[in-house]
There are 2 protein chains.
Amino acid sequence: MNATLPRRTESTSRALEKEDVLSLLKRTGLSDYEAKVYLALVLRSHGTAEDVAVTADIPRTSAYKVLEALKKKGYVNSRGGRPVVFHPIPPLEIRDRMVAEMERGFQLLDSLRGSQTEKGSPQLVYTIMGKESVMAKIGEMLDMARERFFLSSPDLTELNNVFASKFANALKRGVHVTVVALPSVKVPDASEVIRKQDLLATDVITDYEVALIATPDLSICGFTDNPFLAAHLDNFFQISLDRPEGKR
Amino acid sequence: MNATLPRRTESTSRALEKEDVLSLLKRTGLSDYEAKVYLALVLRSHGTAEDVAVTADIPRTSAYKVLEALKKKGYVNSRGGRPVVFHPIPPLEIRDRMVAEMERGFQLLDSLRGSQTEKGSPQLVYTIMGKESVMAKIGEMLDMARERFFLSSPDLTELNNVFASKFANALKRGVHVTVVALPSVKVPDASEVIRKQDLLATDVITDYEVALIATPDLSICGFTDNPFLAAHLDNFFQISLDRPEGKR
DNA sequence: CCGATTGTCGCTCTATAGGCTACAATAGTA
DNA sequence: TACTATTGTAGCCTATAGAGCGACAATCGG
(Lines give C-alpha, C1' and ligand atoms only; values in the text may rest on other atoms or scores of the structure.)
Protein backbone atom coordinates (compact mmCIF):
# COMPACT_ATOMS: atom_id res chain seq x y z
CA MET A 1 0.00 0.00 0.00
CA ASN A 2 2.39 2.69 1.21
CA ALA A 3 5.37 2.33 -1.10
CA THR A 4 6.94 5.47 0.28
CA LEU A 5 10.22 4.02 1.43
CA PRO A 6 12.90 2.92 -0.98
CA ARG A 7 14.20 -0.47 0.23
CA ARG A 8 17.92 -0.25 0.58
CA THR A 9 20.55 -2.27 2.39
CA GLU A 10 20.94 -1.11 5.96
CA SER A 11 24.16 0.06 7.43
CA THR A 12 25.71 -2.52 9.73
CA SER A 13 25.57 -0.33 12.81
CA ARG A 14 21.89 0.27 12.33
CA ALA A 15 21.32 -3.45 12.03
CA LEU A 16 23.28 -4.07 15.21
CA GLU A 17 21.27 -1.48 17.08
CA LYS A 18 18.12 -3.24 16.01
CA GLU A 19 19.39 -6.59 17.25
CA ASP A 20 20.24 -4.94 20.51
CA VAL A 21 16.79 -3.46 20.91
CA LEU A 22 15.09 -6.69 19.87
CA SER A 23 16.92 -8.73 22.47
CA LEU A 24 16.07 -6.18 25.13
CA LEU A 25 12.39 -6.25 24.23
CA LYS A 26 12.39 -10.01 24.25
CA ARG A 27 13.99 -10.12 27.65
CA THR A 28 11.34 -7.78 28.96
CA GLY A 29 8.55 -10.20 28.19
CA LEU A 30 7.73 -9.75 24.51
CA SER A 31 7.71 -12.66 22.08
CA ASP A 32 9.85 -12.68 18.96
CA TYR A 33 7.16 -11.21 16.75
CA GLU A 34 5.93 -8.77 19.33
CA ALA A 35 9.41 -7.30 19.60
CA LYS A 36 9.79 -7.09 15.84
CA VAL A 37 6.41 -5.48 15.38
CA TYR A 38 6.89 -2.89 18.10
CA LEU A 39 10.30 -1.99 16.71
CA ALA A 40 8.83 -1.72 13.22
CA LEU A 41 6.07 0.58 14.43
CA VAL A 42 8.56 2.79 16.22
CA LEU A 43 10.71 2.97 13.12
CA ARG A 44 7.73 3.87 10.94
CA SER A 45 6.01 6.12 13.54
CA HIS A 46 2.67 4.58 12.52
CA GLY A 47 1.18 2.13 10.09
CA THR A 48 -1.51 -0.38 9.20
CA ALA A 49 -1.23 -4.07 9.95
CA GLU A 50 -0.07 -4.57 6.40
CA ASP A 51 2.62 -1.88 6.63
CA VAL A 52 3.89 -3.37 9.84
CA ALA A 53 3.97 -6.87 8.43
CA VAL A 54 6.16 -5.67 5.58
CA THR A 55 8.53 -3.64 7.73
CA ALA A 56 8.84 -6.32 10.40
CA ASP A 57 9.10 -9.01 7.75
CA ILE A 58 6.44 -11.31 9.17
CA PRO A 59 3.33 -12.89 7.64
CA ARG A 60 0.45 -10.47 7.21
CA THR A 61 -2.08 -12.44 9.22
CA SER A 62 0.30 -12.72 12.14
CA ALA A 63 0.51 -8.95 12.30
CA TYR A 64 -3.14 -8.72 13.37
CA LYS A 65 -2.73 -11.14 16.25
CA VAL A 66 0.50 -9.59 17.40
CA LEU A 67 -0.78 -6.01 17.21
CA GLU A 68 -3.80 -7.06 19.23
CA ALA A 69 -1.54 -8.64 21.84
CA LEU A 70 0.68 -5.56 21.96
CA LYS A 71 -2.37 -3.37 22.42
CA LYS A 72 -3.41 -5.43 25.45
CA LYS A 73 0.09 -5.15 26.84
CA GLY A 74 -0.01 -1.40 26.34
CA TYR A 75 2.68 -1.10 23.70
CA VAL A 76 0.55 0.26 20.87
CA ASN A 77 -2.52 2.35 20.30
CA SER A 78 -5.23 2.36 17.67
CA ARG A 79 -8.50 4.11 17.16
CA GLY A 80 -10.95 2.50 14.71
CA GLY A 81 -11.00 3.22 10.98
CA ARG A 82 -10.44 0.89 8.08
CA PRO A 83 -7.72 0.04 7.64
CA VAL A 84 -6.86 0.51 11.30
CA VAL A 85 -3.81 2.70 11.80
CA PHE A 86 -1.62 1.73 14.73
CA HIS A 87 0.67 3.98 16.74
CA PRO A 88 3.41 2.88 19.10
CA ILE A 89 3.35 4.11 22.68
CA PRO A 90 6.53 6.22 22.86
CA PRO A 91 9.50 4.12 24.04
CA LEU A 92 10.34 6.48 26.87
CA GLU A 93 6.81 6.24 28.18
CA ILE A 94 6.98 2.46 28.23
CA ARG A 95 10.37 2.61 29.86
CA ASP A 96 9.06 4.82 32.64
CA ARG A 97 6.11 2.53 33.17
CA MET A 98 8.28 -0.54 33.39
CA VAL A 99 10.87 1.05 35.61
CA ALA A 100 8.19 2.18 38.03
CA GLU A 101 6.71 -1.30 38.08
CA MET A 102 10.09 -2.85 38.70
CA GLU A 103 11.02 -0.47 41.45
CA ARG A 104 7.81 -1.34 43.22
CA GLY A 105 8.06 -5.09 42.65
CA PHE A 106 11.68 -5.51 43.62
CA GLN A 107 11.22 -3.29 46.63
CA LEU A 108 8.48 -5.62 47.76
CA LEU A 109 10.65 -8.62 47.00
CA ASP A 110 13.45 -7.12 49.00
CA SER A 111 11.18 -6.64 51.96
CA LEU A 112 10.43 -10.36 51.87
CA ARG A 113 14.10 -11.30 52.13
CA GLY A 114 14.61 -14.17 54.52
CA SER A 115 11.08 -13.98 55.85
CA GLN A 116 10.98 -17.75 55.59
CA THR A 117 13.76 -18.17 58.17
CA GLU A 118 13.48 -15.52 60.86
CA LYS A 119 10.10 -15.14 62.44
CA GLY A 120 8.54 -12.52 64.61
CA SER A 121 8.47 -8.76 64.35
CA PRO A 122 11.58 -7.08 63.04
CA GLN A 123 14.16 -6.32 65.68
CA LEU A 124 17.79 -5.43 65.78
CA VAL A 125 18.53 -8.58 67.78
CA TYR A 126 16.21 -11.56 67.69
CA THR A 127 15.97 -13.95 70.57
CA ILE A 128 15.89 -17.63 69.72
CA MET A 129 14.92 -20.08 72.41
CA GLY A 130 15.39 -23.82 72.68
CA LYS A 131 18.52 -25.80 71.93
CA GLU A 132 17.00 -27.27 68.80
CA SER A 133 16.23 -23.86 67.29
CA VAL A 134 19.61 -22.47 68.23
CA MET A 135 21.39 -25.43 66.68
CA ALA A 136 19.27 -25.11 63.53
CA LYS A 137 20.21 -21.46 63.27
CA ILE A 138 23.90 -22.22 63.54
CA GLY A 139 23.52 -24.85 60.81
CA GLU A 140 21.77 -22.29 58.66
CA MET A 141 24.60 -19.84 59.18
CA LEU A 142 27.11 -22.46 58.15
CA ASP A 143 25.22 -23.15 54.95
CA MET A 144 24.84 -19.49 54.20
CA ALA A 145 28.52 -18.60 54.62
CA ARG A 146 30.18 -17.39 51.46
CA GLU A 147 33.47 -15.90 52.52
CA ARG A 148 34.05 -16.33 56.19
CA PHE A 149 32.70 -18.33 59.09
CA PHE A 150 33.78 -17.71 62.66
CA LEU A 151 32.90 -19.97 65.57
CA SER A 152 34.01 -19.67 69.19
CA SER A 153 32.65 -22.05 71.81
CA PRO A 154 33.58 -23.73 75.10
CA ASP A 155 31.80 -26.92 74.07
CA LEU A 156 32.28 -28.00 70.52
CA THR A 157 31.48 -31.70 70.80
CA GLU A 158 27.85 -31.52 69.81
CA LEU A 159 28.31 -28.94 67.07
CA ASN A 160 31.16 -31.04 65.79
CA ASN A 161 29.07 -34.18 65.62
CA VAL A 162 25.96 -32.73 64.09
CA PHE A 163 27.52 -30.35 61.59
CA ALA A 164 30.69 -32.17 60.54
CA SER A 165 29.51 -32.40 56.95
CA LYS A 166 28.41 -28.80 56.84
CA PHE A 167 31.87 -27.73 57.96
CA ALA A 168 33.46 -29.86 55.29
CA ASN A 169 31.13 -28.47 52.67
CA ALA A 170 31.81 -24.88 53.63
CA LEU A 171 35.54 -25.51 53.30
CA LYS A 172 35.00 -27.16 49.94
CA ARG A 173 33.32 -24.13 48.52
CA GLY A 174 36.13 -21.89 49.63
CA VAL A 175 34.83 -20.40 52.86
CA HIS A 176 37.48 -19.38 55.38
CA VAL A 177 36.45 -21.17 58.57
CA THR A 178 37.89 -20.02 61.89
CA VAL A 179 37.27 -22.06 65.03
CA VAL A 180 38.17 -20.92 68.53
CA ALA A 181 38.16 -23.73 71.11
CA LEU A 182 39.55 -24.76 74.44
CA PRO A 183 42.97 -26.44 74.33
CA SER A 184 42.91 -30.10 73.36
CA VAL A 185 39.27 -30.30 72.39
CA LYS A 186 38.38 -32.01 69.15
CA VAL A 187 37.48 -29.44 66.49
CA PRO A 188 35.73 -29.79 63.15
CA ASP A 189 37.40 -29.23 59.76
CA ALA A 190 38.57 -25.64 59.64
CA SER A 191 41.00 -23.42 57.79
CA GLU A 192 42.20 -21.93 61.06
CA VAL A 193 42.03 -23.22 64.64
CA ILE A 194 42.78 -21.02 67.66
CA ARG A 195 43.18 -22.39 71.16
CA LYS A 196 42.16 -20.24 74.07
CA GLN A 197 41.28 -20.56 77.77
CA ASP A 198 38.19 -19.19 79.44
CA LEU A 199 35.63 -19.29 76.71
CA LEU A 200 32.33 -18.33 78.30
CA ALA A 201 29.76 -18.40 75.50
CA THR A 202 29.25 -19.64 71.98
CA ASP A 203 29.68 -16.98 69.29
CA VAL A 204 29.10 -17.35 65.58
CA ILE A 205 29.73 -14.80 62.85
CA THR A 206 29.10 -15.32 59.14
CA ASP A 207 30.53 -13.10 56.38
CA TYR A 208 30.68 -10.12 58.75
CA GLU A 209 26.92 -9.86 58.24
CA VAL A 210 25.16 -12.21 60.58
CA ALA A 211 26.04 -12.89 64.19
CA LEU A 212 24.82 -15.08 67.03
CA ILE A 213 25.71 -15.24 70.74
CA ALA A 214 24.47 -18.21 72.76
CA THR A 215 24.67 -19.55 76.28
CA PRO A 216 27.14 -22.44 76.74
CA ASP A 217 24.35 -25.05 76.66
CA LEU A 218 22.86 -23.46 73.51
CA SER A 219 19.45 -23.18 75.15
CA ILE A 220 19.00 -19.54 74.20
CA CYS A 221 20.72 -17.06 71.93
CA GLY A 222 20.61 -13.59 70.49
CA PHE A 223 20.84 -13.28 66.75
CA THR A 224 21.29 -10.32 64.42
CA ASP A 225 21.49 -9.83 60.66
CA ASN A 226 22.54 -6.25 60.96
CA PRO A 227 25.89 -6.01 59.14
CA PHE A 228 27.17 -3.17 61.28
CA LEU A 229 26.47 -4.97 64.50
CA ALA A 230 27.95 -8.19 63.14
CA ALA A 231 31.07 -6.45 61.89
CA HIS A 232 31.39 -4.72 65.23
CA LEU A 233 31.27 -8.03 67.09
CA ASP A 234 33.75 -9.52 64.67
CA ASN A 235 36.11 -6.68 65.35
CA PHE A 236 35.65 -7.19 69.06
CA PHE A 237 36.70 -10.83 68.82
CA GLN A 238 39.70 -10.01 66.68
CA ILE A 239 40.95 -7.69 69.39
CA SER A 240 40.29 -10.10 72.25
CA LEU A 241 42.11 -12.86 70.38
CA ASP A 242 45.15 -10.73 69.74
CA ARG A 243 45.58 -10.02 73.43
CA PRO A 244 47.97 -12.22 75.41
CA GLU A 245 46.17 -14.87 77.41
CA GLY A 246 46.93 -13.74 80.92
CA LYS A 247 45.80 -10.16 80.71
CA ARG A 248 42.07 -10.76 80.79
CA MET B 1 17.35 -32.27 54.89
CA ASN B 2 16.79 -28.90 56.52
CA ALA B 3 13.56 -29.31 58.39
CA THR B 4 13.98 -25.99 60.13
CA LEU B 5 10.73 -24.32 59.11
CA PRO B 6 7.40 -25.39 60.48
CA ARG B 7 4.95 -25.53 57.55
CA ARG B 8 1.99 -23.33 58.44
CA THR B 9 -0.79 -21.69 56.48
CA GLU B 10 0.29 -18.32 55.18
CA SER B 11 -1.50 -15.11 55.87
CA THR B 12 -3.51 -13.92 52.87
CA SER B 13 -1.60 -10.69 52.44
CA ARG B 14 1.69 -12.52 52.30
CA ALA B 15 0.29 -14.85 49.66
CA LEU B 16 -0.93 -11.89 47.63
CA GLU B 17 2.44 -10.23 47.80
CA LYS B 18 4.02 -13.39 46.47
CA GLU B 19 1.60 -13.54 43.56
CA ASP B 20 2.43 -9.96 42.82
CA VAL B 21 6.15 -10.59 42.81
CA LEU B 22 5.79 -13.74 40.74
CA SER B 23 3.84 -12.00 38.02
CA LEU B 24 6.41 -9.22 37.93
CA LEU B 25 9.27 -11.66 37.60
CA LYS B 26 7.45 -13.51 34.85
CA ARG B 27 6.82 -10.32 32.94
CA THR B 28 10.50 -9.50 33.17
CA GLY B 29 11.52 -12.58 31.25
CA LEU B 30 11.56 -15.44 33.76
CA SER B 31 9.63 -18.64 33.24
CA ASP B 32 7.10 -19.90 35.75
CA TYR B 33 9.57 -22.06 37.60
CA GLU B 34 12.40 -19.58 37.40
CA ALA B 35 10.23 -16.99 39.11
CA LYS B 36 9.14 -19.44 41.79
CA VAL B 37 12.68 -20.59 42.45
CA TYR B 38 14.15 -17.12 42.67
CA LEU B 39 11.39 -16.03 45.04
CA ALA B 40 11.95 -19.14 47.14
CA LEU B 41 15.66 -18.46 47.38
CA VAL B 42 15.05 -14.88 48.40
CA LEU B 43 12.58 -15.99 51.07
CA ARG B 44 15.04 -18.56 52.40
CA SER B 45 18.17 -16.42 51.95
CA HIS B 46 20.02 -19.51 50.70
CA GLY B 47 19.54 -23.22 50.16
CA THR B 48 20.39 -26.38 48.28
CA ALA B 49 18.55 -27.52 45.19
CA GLU B 50 16.51 -29.78 47.42
CA ASP B 51 15.59 -26.99 49.84
CA VAL B 52 14.55 -24.79 46.98
CA ALA B 53 12.45 -27.49 45.36
CA VAL B 54 10.53 -27.92 48.60
CA THR B 55 10.00 -24.22 49.24
CA ALA B 56 9.08 -23.46 45.64
CA ASP B 57 6.95 -26.57 45.46
CA ILE B 58 8.41 -27.97 42.27
CA PRO B 59 9.96 -31.36 41.41
CA ARG B 60 13.46 -31.83 42.76
CA THR B 61 15.10 -32.59 39.45
CA SER B 62 13.61 -29.50 37.87
CA ALA B 63 15.27 -27.39 40.54
CA TYR B 64 18.71 -28.26 39.14
CA LYS B 65 17.86 -27.17 35.62
CA VAL B 66 16.15 -24.02 36.77
CA LEU B 67 18.92 -23.00 39.16
CA GLU B 68 21.43 -23.51 36.37
CA ALA B 69 19.35 -21.32 34.07
CA LEU B 70 19.00 -18.65 36.76
CA LYS B 71 22.73 -18.68 37.32
CA LYS B 72 23.31 -18.01 33.62
CA LYS B 73 20.81 -15.17 33.74
CA GLY B 74 22.59 -13.73 36.76
CA TYR B 75 19.84 -14.22 39.33
CA VAL B 76 21.66 -16.61 41.64
CA ASN B 77 25.14 -17.49 42.82
CA SER B 78 26.81 -20.68 43.90
CA ARG B 79 30.31 -21.79 44.78
CA GLY B 80 31.02 -25.53 44.61
CA GLY B 81 30.53 -27.91 47.53
CA ARG B 82 28.28 -30.88 47.83
CA PRO B 83 25.48 -30.32 48.13
CA VAL B 84 25.82 -27.02 46.31
CA VAL B 85 24.41 -24.10 48.29
CA PHE B 86 22.79 -21.38 46.19
CA HIS B 87 22.40 -17.73 47.07
CA PRO B 88 20.10 -15.24 45.37
CA ILE B 89 21.56 -12.07 43.92
CA PRO B 90 19.93 -9.36 46.08
CA PRO B 91 16.69 -8.10 44.51
CA LEU B 92 17.77 -4.48 44.57
CA GLU B 93 20.95 -5.35 42.71
CA ILE B 94 18.99 -7.08 39.98
CA ARG B 95 16.59 -4.21 39.83
CA ASP B 96 19.41 -1.74 39.32
CA ARG B 97 20.92 -3.88 36.61
CA MET B 98 17.64 -4.22 34.76
CA VAL B 99 16.74 -0.58 35.09
CA ALA B 100 20.10 0.44 33.69
CA GLU B 101 19.69 -1.96 30.83
CA MET B 102 16.24 -0.66 30.07
CA GLU B 103 17.25 2.96 30.23
CA ARG B 104 19.95 2.25 27.69
CA GLY B 105 17.79 0.11 25.41
CA PHE B 106 14.77 2.35 25.32
CA GLN B 107 16.95 5.40 24.87
CA LEU B 108 18.38 3.73 21.81
CA LEU B 109 14.94 2.74 20.64
CA ASP B 110 13.75 6.29 21.08
CA SER B 111 16.61 7.58 18.97
CA LEU B 112 15.41 5.33 16.17
CA ARG B 113 11.92 6.81 16.19
CA GLY B 114 10.67 7.40 12.67
CA SER B 115 14.06 6.75 11.15
CA GLN B 116 12.28 4.69 8.54
CA THR B 117 10.35 7.73 7.27
CA GLU B 118 12.49 10.84 7.47
CA LYS B 119 15.91 10.54 6.04
CA GLY B 120 19.02 12.65 6.25
CA SER B 121 20.70 14.31 9.16
CA PRO B 122 18.49 15.64 11.92
CA GLN B 123 17.27 19.17 11.38
CA LEU B 124 14.62 21.41 12.82
CA VAL B 125 12.97 21.71 9.41
CA TYR B 126 13.49 19.07 6.75
CA THR B 127 13.23 19.92 3.08
CA ILE B 128 11.36 17.45 0.94
CA MET B 129 11.63 17.79 -2.83
CA GLY B 130 9.54 16.38 -5.63
CA LYS B 131 5.78 16.37 -5.87
CA GLU B 132 5.63 12.64 -5.31
CA SER B 133 7.53 12.80 -2.03
CA VAL B 134 5.56 15.79 -0.81
CA MET B 135 2.29 14.05 -1.58
CA ALA B 136 3.49 10.90 0.17
CA LYS B 137 4.38 12.94 3.23
CA ILE B 138 0.95 14.51 3.36
CA GLY B 139 -0.61 11.06 3.08
CA GLU B 140 1.57 9.88 5.91
CA MET B 141 0.48 12.80 8.05
CA LEU B 142 -3.15 11.97 7.38
CA ASP B 143 -2.59 8.39 8.48
CA MET B 144 -0.71 9.45 11.53
CA ALA B 145 -3.30 11.93 12.79
CA ARG B 146 -4.86 10.97 16.10
CA GLU B 147 -6.73 14.04 17.29
CA ARG B 148 -6.56 16.82 14.78
CA PHE B 149 -5.70 17.32 11.14
CA PHE B 150 -5.48 20.74 9.56
CA LEU B 151 -5.14 21.40 5.84
CA SER B 152 -5.09 24.71 4.03
CA SER B 153 -4.45 24.81 0.29
CA PRO B 154 -5.27 26.89 -2.80
CA ASP B 155 -5.53 23.74 -4.93
CA LEU B 156 -7.28 20.82 -3.33
CA THR B 157 -8.30 18.85 -6.39
CA GLU B 158 -5.38 16.48 -6.49
CA LEU B 159 -5.16 15.93 -2.74
CA ASN B 160 -8.89 15.36 -2.79
CA ASN B 161 -8.63 12.71 -5.48
CA VAL B 162 -5.66 10.81 -4.19
CA PHE B 163 -6.44 10.84 -0.47
CA ALA B 164 -10.25 10.70 -0.38
CA SER B 165 -10.20 7.40 1.46
CA LYS B 166 -7.58 8.53 3.91
CA PHE B 167 -9.71 11.54 4.78
CA ALA B 168 -12.72 9.29 5.31
CA ASN B 169 -10.64 6.95 7.43
CA ALA B 170 -9.31 9.74 9.60
CA LEU B 171 -12.86 10.96 10.26
CA LYS B 172 -13.97 7.43 11.06
CA ARG B 173 -11.41 7.05 13.79
CA GLY B 174 -12.49 10.29 15.37
CA VAL B 175 -9.92 12.77 14.10
CA HIS B 176 -11.11 16.37 13.87
CA VAL B 177 -10.36 17.35 10.27
CA THR B 178 -10.27 21.03 9.34
CA VAL B 179 -9.96 22.04 5.70
CA VAL B 180 -9.37 25.60 4.52
CA ALA B 181 -10.09 26.13 0.81
CA LEU B 182 -10.98 28.77 -1.74
CA PRO B 183 -14.70 29.46 -2.08
CA SER B 184 -16.64 26.96 -4.19
CA VAL B 185 -13.86 24.42 -4.54
CA LYS B 186 -14.70 20.80 -3.94
CA VAL B 187 -13.33 19.66 -0.57
CA PRO B 188 -12.79 16.19 0.87
CA ASP B 189 -14.72 14.78 3.84
CA ALA B 190 -14.01 16.98 6.83
CA SER B 191 -15.45 17.85 10.21
CA GLU B 192 -15.03 21.55 9.50
CA VAL B 193 -14.66 23.47 6.24
CA ILE B 194 -13.54 27.10 6.10
CA ARG B 195 -13.71 29.21 2.95
CA LYS B 196 -11.12 31.90 2.46
CA GLN B 197 -9.67 34.04 -0.33
CA ASP B 198 -6.00 34.48 -1.13
CA LEU B 199 -4.52 31.18 -0.07
CA LEU B 200 -0.91 31.25 -1.17
CA ALA B 201 0.58 27.95 -0.05
CA THR B 202 -0.38 24.50 1.16
CA ASP B 203 -0.13 24.01 4.92
CA VAL B 204 -0.67 20.83 6.87
CA ILE B 205 -0.62 20.37 10.63
CA THR B 206 -1.19 17.11 12.47
CA ASP B 207 -2.00 16.86 16.16
CA TYR B 208 -0.15 20.12 16.88
CA GLU B 209 3.03 18.09 16.51
CA VAL B 210 3.96 17.81 12.89
CA ALA B 211 3.72 20.55 10.29
CA LEU B 212 4.38 20.98 6.60
CA ILE B 213 4.42 24.03 4.33
CA ALA B 214 4.53 23.48 0.58
CA THR B 215 4.56 25.53 -2.60
CA PRO B 216 1.20 25.63 -4.43
CA ASP B 217 2.29 22.99 -6.96
CA LEU B 218 3.57 20.74 -4.14
CA SER B 219 6.98 20.44 -5.78
CA ILE B 220 8.87 21.30 -2.60
CA CYS B 221 8.06 21.65 1.08
CA GLY B 222 9.44 22.24 4.51
CA PHE B 223 8.54 19.75 7.17
CA THR B 224 9.02 19.71 10.92
CA ASP B 225 8.20 17.27 13.72
CA ASN B 226 9.07 19.75 16.40
CA PRO B 227 5.93 20.11 18.51
CA PHE B 228 6.67 23.68 19.54
CA LEU B 229 7.18 24.82 16.01
CA ALA B 230 4.08 22.97 14.86
CA ALA B 231 1.98 24.38 17.66
CA HIS B 232 3.30 27.82 16.88
CA LEU B 233 2.26 27.51 13.25
CA ASP B 234 -1.12 26.21 14.29
CA ASN B 235 -1.59 29.21 16.49
CA PHE B 236 -0.59 31.48 13.66
CA PHE B 237 -3.26 30.02 11.39
CA GLN B 238 -5.92 30.28 14.05
CA ILE B 239 -5.27 33.98 14.34
CA SER B 240 -5.17 34.60 10.60
CA LEU B 241 -8.46 32.76 10.19
CA ASP B 242 -10.17 34.73 12.91
CA ARG B 243 -9.35 38.03 11.23
CA PRO B 244 -11.97 39.55 8.95
CA GLU B 245 -11.22 38.97 5.26
CA GLY B 246 -10.61 42.52 4.11
CA LYS B 247 -8.03 43.55 6.68
CA ARG B 248 -5.11 41.51 5.34
C1' DC C 1 -22.76 -5.79 -8.59
C1' DC C 2 -17.69 -7.06 -8.74
C1' DG C 3 -12.99 -7.26 -7.55
C1' DA C 4 -9.62 -5.78 -4.18
C1' DT C 5 -8.41 -4.82 0.27
C1' DT C 6 -8.80 -5.70 5.09
C1' DG C 7 -9.63 -8.47 8.91
C1' DT C 8 -10.90 -13.02 11.30
C1' DC C 9 -10.75 -17.89 12.08
C1' DG C 10 -8.93 -22.18 12.67
C1' DC C 11 -5.73 -25.53 11.50
C1' DT C 12 -0.90 -27.54 11.61
C1' DC C 13 3.86 -27.39 12.96
C1' DT C 14 7.59 -26.48 16.10
C1' DA C 15 10.26 -24.96 20.07
C1' DT C 16 10.34 -24.71 24.81
C1' DA C 17 8.93 -25.50 29.57
C1' DG C 18 7.53 -28.81 32.66
C1' DG C 19 7.37 -33.60 34.70
C1' DC C 20 9.20 -37.98 35.51
C1' DT C 21 12.21 -42.14 35.62
C1' DA C 22 16.47 -44.12 35.54
C1' DC C 23 20.90 -43.94 36.78
C1' DA C 24 25.69 -42.13 37.71
C1' DA C 25 28.62 -39.97 41.25
C1' DT C 26 29.64 -39.10 45.76
C1' DA C 27 29.56 -39.31 50.70
C1' DG C 28 28.59 -41.26 55.02
C1' DT C 29 28.53 -45.69 57.60
C1' DA C 30 28.85 -50.35 59.05
C1' DT D 1 35.62 -52.54 51.78
C1' DA D 2 30.95 -52.92 50.84
C1' DC D 3 26.40 -51.00 51.53
C1' DT D 4 23.09 -47.29 51.58
C1' DA D 5 21.42 -42.60 51.27
C1' DT D 6 22.03 -38.42 49.23
C1' DT D 7 23.06 -35.55 45.41
C1' DG D 8 23.39 -34.57 40.71
C1' DT D 9 22.79 -35.70 35.51
C1' DA D 10 20.67 -37.39 31.38
C1' DG D 11 17.04 -38.57 28.56
C1' DC D 12 12.46 -38.89 27.17
C1' DC D 13 7.55 -37.81 27.10
C1' DT D 14 3.76 -34.32 27.34
C1' DA D 15 1.58 -29.87 27.32
C1' DT D 16 1.58 -25.27 25.80
C1' DA D 17 2.40 -21.05 23.32
C1' DG D 18 4.19 -18.97 19.30
C1' DA D 19 4.64 -19.11 14.37
C1' DG D 20 3.05 -20.06 9.59
C1' DC D 21 -0.59 -20.51 6.45
C1' DG D 22 -4.76 -21.00 3.83
C1' DA D 23 -9.72 -20.19 3.72
C1' DC D 24 -13.05 -17.05 4.04
C1' DA D 25 -16.02 -13.21 5.90
C1' DA D 26 -16.56 -8.13 5.94
C1' DT D 27 -16.01 -3.92 3.88
C1' DC D 28 -14.87 -0.67 0.43
C1' DG D 29 -14.16 1.58 -4.02
C1' DG D 30 -15.67 1.76 -8.45
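Data table
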item: Region A:120-177: chymotrypsin sites (Phe, Trp or Tyr not before Pro) falling in loop per DSSP and having at most 11 other Cβ within 10 Å; result: none
item: Fraction of antiparallel bridges per DSSP, the protein assembly as shown only, in percent to nearest 5; result: 70
item: Alpha-carbon centroid distance for the pair region A:61-121 / region B:147-200, whole angstrom; result: 38
item: Distances in nm from A:Thr215 to the matching label points in the other copies, shortest first (labels 7 Å along Cα to Cβ); result: 10.0
item: Where only alpha carbons of region A:126-247 are counted, the Rg and the Dmax (Å); result: 13.2, 37
item: Reciprocal of mean inverse Cα separation for region A:12-110 (Kirkwood radius, Å); result: 14.1
item: Under the Karplus curve 6.51 cos²θ - 1.76 cosθ + 1.60, θ = phi - 60°, whole-Hz ³J(HN,Hα) for region B:76-92, x wherever Gly or Pro sits; result: 9, 10, 7, 9, x, x, 9, x, 6, 9, 9, 10, x, 5, x, x, 5
item: Shortest-first nm distances, B:Glu93 label point to equivalent points in other copies (7 Å, Cα→Cβ); result: 3.7
item: Projected area, mean over directions - the protein assembly as shown, Cα convex hull, nm²; result: 32.4
item: Label point 7 Å beyond Cα along the C-beta direction, distances from A:Ile239 to other copies (nm, shortest first); result: 7.7
item: Karplus-derived 3J(HN,Hα), 6.51/-1.76/1.60, for each residue of region B:194-208, Hz, glycine and proline x; result: 10, 9, 7, 7, 6, 7, 9, 9, 9, 10, 9, 9, 10, 6, 6
item: Loop-resident sites, region A:148-232, for trypsin sites (Lys or Arg not before Pro), counting at most 12 other Cβ within 10 Å (DSSP); result: A:Lys186
item: Values of log10 I(q)/I(0), in the order q = 0.12, 0.26 Å⁻¹, for region A:188-248 under a Debye, Cα-only, solvent-free model; result: -0.33, -1.23
item: Computed helical MRE - 222 nm, the protein assembly as shown, DSSP H runs ≥ 4 contributing -39500 (n - 2.57), nearest 500; result: -15500 deg cm²/dmol
item: Loop-located trypsin sites (Lys or Arg not before Pro) in region B:13-83 whose Cβ has at most 15 other Cβ within 10 Å (DSSP); result: B:Lys73, B:Arg79
item: Carbon plus sulfur fraction of accessible area for chain A, probe 1.4 Å, in percent; result: 53
item: Over chain B, relative contact order from alpha-carbon pairs under 8 Å, at least 6 apart, %; result: 13
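The values are calculated or read from the model by the stated rules, or taken from the named source; none is laboratory data. Predicted model, so just to flag it, every value in this text is computed and none were measured. Here Cβ is always computed from backbone atoms with ideal geometry, including for glycine, and neighbour counts include all displayed protein chains. Side chains are part of the model used for accessible areas, which takes the heavy atoms of the whole protein and leaves out ligands, DNA and RNA. Shrake-Rupley method; radii C 1.70, N 1.55, O 1.52, S 1.80 Å.
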